[in-house]
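I have placed the structure first, in the form of structure tokens, so that the comments after it can refer back to it.
Every number here is computed from the coordinates shown, using simple stated rules; none is lab data. Computed from a predicted structure; not experimentally measured. Neighbour counts run over all protein chains shown; Cβ positions are idealised from the backbone, glycine included.
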Amino acid sequence: MKQLALSTLFLLSCLPSFAQRSCGAMDNLQHQLATDPGMATRMEAIENQTQHFIQSGGNHERVVITIPVVFHIIHNGDALGSGENISDTYVMAQLDQLNKDYRKLNSDASLIPAAFLGVAADAEIQFCLAQRTPAGAATTGINRLNMGSASWAQTQIESTLKPQTIWDRNKYLNVWSVVFGGSSAGLLGYAQFPGGAANTDGVICLYSSFGSTSTPNPGGGAYGKGRTLTHEVGHWLNLRHIWGDANCGNDQVSDTPTQQTSNYGCPTYPKVTCSNGPNGDMFMNYMDYTDDACMYMFSTGQKTRMQALFASGGSRVSLATSDGCTAPSGGGGTCGSPSALASSSVTASGATVSWAAASGAVSYSVQYKTSAATSWTTLSTTSTSLSLTGLSASTTYNWQVSAVCSSTSSAYVAGANFTTSASGGGGTCTDTYESNNSKNTAKTMAVNTNLTALISSSTDKDWYKFTTTSAATRVKINLTNLPADYDVKLYKSNSQVGISQNDATADEQIIYNSTSTGTYYVYVYGYGGANSTSCYTFRASTSNTNFAKDMGLETVGNEISEISLFPNPSNDKVNVNFVSTAENNVTIRIFDITGRQVAQQTHSATEGINNLGVDVSNLQTGYYLVQVDNGSMRQQNRLVIAR
């Protein structure tokens, strides 16, 4: 759309935003402009630099910008993985989704209408979890903070929460996950535009909006797949709402069609407004208000505005040279090569490739092709594994991986070839149980009865619920006749109490021998987006006596889940969090890097979530291994002591 004069831009900044998707960025901007006399001048200087960058064609021959991110998980004493103290899984899924969206690696980019394909852009911006704190100590990039408040109004966030917890905005993108309350209840998130105050710079998101298209947060519904952060980071990178926050308004981008107002839900293409036919609104743009599942592109013009921030004189240029992605002991001068390459979970349409971490890597580039092909398909990830989907059955594939470091990349290392299996699957479904894509829409199921259902697409997930009685409190979940690599999780109310993740089409089973009644939720999903037109068989059994493990199946019996540690790094006390499927004693041992045991405690674990505090105030700065043993199994995780 045509660009307006700067004076008009700032007039539009003061117009109210449309709140159905409940992005509060424009309201926050209006408040800041009213209370900070110098902000309008600073923003005008940023816009002048942006326009000069655009007019000089400065977007050519740029390197990919990597931004260190710290996630501040704000809670009110909740156990790790409970309520707003969201698990690392959601944080990592959110980071992965952010990288996919900004590098145009999102699988749903294939849905972009042909009319907009020519302007759909790889923004050439990627994100890594911070590896060092502003003080130079090691960090995981996930900063969990009990701030003693059940919810936060926007005024409290700006005056108290941000200033007390923010990391240096010149080195990090600060992201806070919160429960919004008071007059801010109903917000999904908001961001601070470039030009705002240093002690409030960053992005705020509702905790239940964290996730990705492959790992949705069950509490997020239409907004639980990670696109809230994609949208808000767009504001943080100087993008406006695509409708210009006015009737047929202006977003300062030349290749986005003028549209009348914001769009919601999943509109039907084309949707013509403001005489923008025949192609209509670009409602699938991340800066509109559509559902997470229906936004999947940035435009080239939006990319140029974002990239201007990192050019000479740009307001966020310091982030391009931040050392936040480099661990204190990493040095950053060399780039290691991935090792221990492996292929697993090979099905008729997908496979998982994995490798050991390379020193200095901030992300990895993965290429794959059929053995007969001459060109590669290239993907990017910040993880050390990647799920390949949409493959052809009975076909041999080659793959290779390269480490991407802050200033260079390693050579590609070839992985072992793999061959996809032949097509397979079950019969006709008795009921597809749709729509049951979230916990809130879980379908009530009959126990002790075989059901058949369908995962029909990469975004389809199945939720079921049932309630046990005092006459039969023990639970067994069986997933059989799998046409693809499906997994299953079991929740008792809001707490996860079991998981089964066997490879490929192997049967899945969870046993949870509880002695109390409860409402259970069963979550069935395709690993890496696996799906099929064939059905799977599902059964939830209940009994008044303990279930035993079926031969050949993994299960959750008298077991403990993988342990989580927080805070980590720690200095005086660390909380050890895990799920136990029975009441029993557990021994917590801590070992130093030489393998010498330096601490031991015994605790009584309860059935369900456990959060056990361990005093580490006498340990010296360094790396340790924390081990939890219940006599039947042992779990461990790394702990960093930093003072």
**Prompt:** Ordered by residue, what ³J(HN,Hα) values in Hz, to whole numbers, does the range 367-376 give under the Karplus form 6.51 cos²θ - 1.76 cosθ + 1.60, where θ = phi - 60° and Gly and Pro are x?
**Reply:** 10, 9, 6, 5, 4, 8, 7, 10, 10, 9
**Message:** Once you order the gyration tensor axes a ≥ b ≥ c over the Cα atoms, which shape class does the range 168-226 get: rounded for a/c under 1.5, otherwise prolate or oblate by comparing a/b with b/c?
**Reply:** oblate
**Asked** For the chain, what is the calculated [θ] at 222 nm in deg cm²/dmol (nearest 500), taking -39500 (n - 2.57) for each run of four or more DSSP H residues and dividing by its residue count?
**Response** -3500 deg cm²/dmol
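Normalising by the residue count of the chain, find the relative contact order in percent from Cα pairs under 8 Å and 6+ residues apart.
In percent, rounded to a whole number, it is 11.
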**Message:** Suppose a student asked you for the relative contact order of the range 570-643, using Cα pairs under 8 Å spaced at least 6 residues apart; what percent would you report?
**Reply:** 38
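When you count, for each residue, the other Cβ atoms within 10 Å and take the mean per peptide, how do 70-81, 36-47 rank with the highest first? Don't skip to the end; give the middle numbers.
Numbers: 70-81: 20.6, 36-47: 15.6.
Result, highest mean first: 70-81, 36-47.
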**Message:** Rounded, prolate or oblate, given the Cα gyration tensor of the range 28-178, with a/c below 1.5 counting as rounded?
**Reply:** oblate
**Item:** Placed amide H near G189: partners under 5 Å, 5+ positions off or other chain
**Value:** G24, L206
**Prompt:** So what are the radius of gyration and Dmax for the Cα set of the chain, in Å?
**Reply:** 25.1, 76
**Request:** Give the shape of the range 6-321 as rounded, prolate or oblate, defined through the alpha-carbon gyration tensor: a ≥ b ≥ c are the square roots of its eigenvalues, a/c under 1.5 means rounded, and otherwise the shape is prolate if a/b is larger than b/c and oblate if not.
**Result:** rounded
**Message:** If you take every residue apart from S385 with its C-beta less than 14 Å away from the C-beta of S385, what net charge results, scoring Lys and Arg +1 and Asp and Glu -1?
**Reply:** -3
**Fill in**
Among the Cα-Cα pairs of the range 297-378, the proportion with separation greater than 16 Å, in percent, is 72
**Item:** Least to most buried among F591, F53, F538 (fewest other Cβ within 10 Å first)
**Value:** F591, F53, F538
**Request:** Before anything else, pin down the relative contact order of the range 339-419: Cα pairs under 8 Å, at least 6 apart, normalised by residue count, whole percent.
**Result:** 34
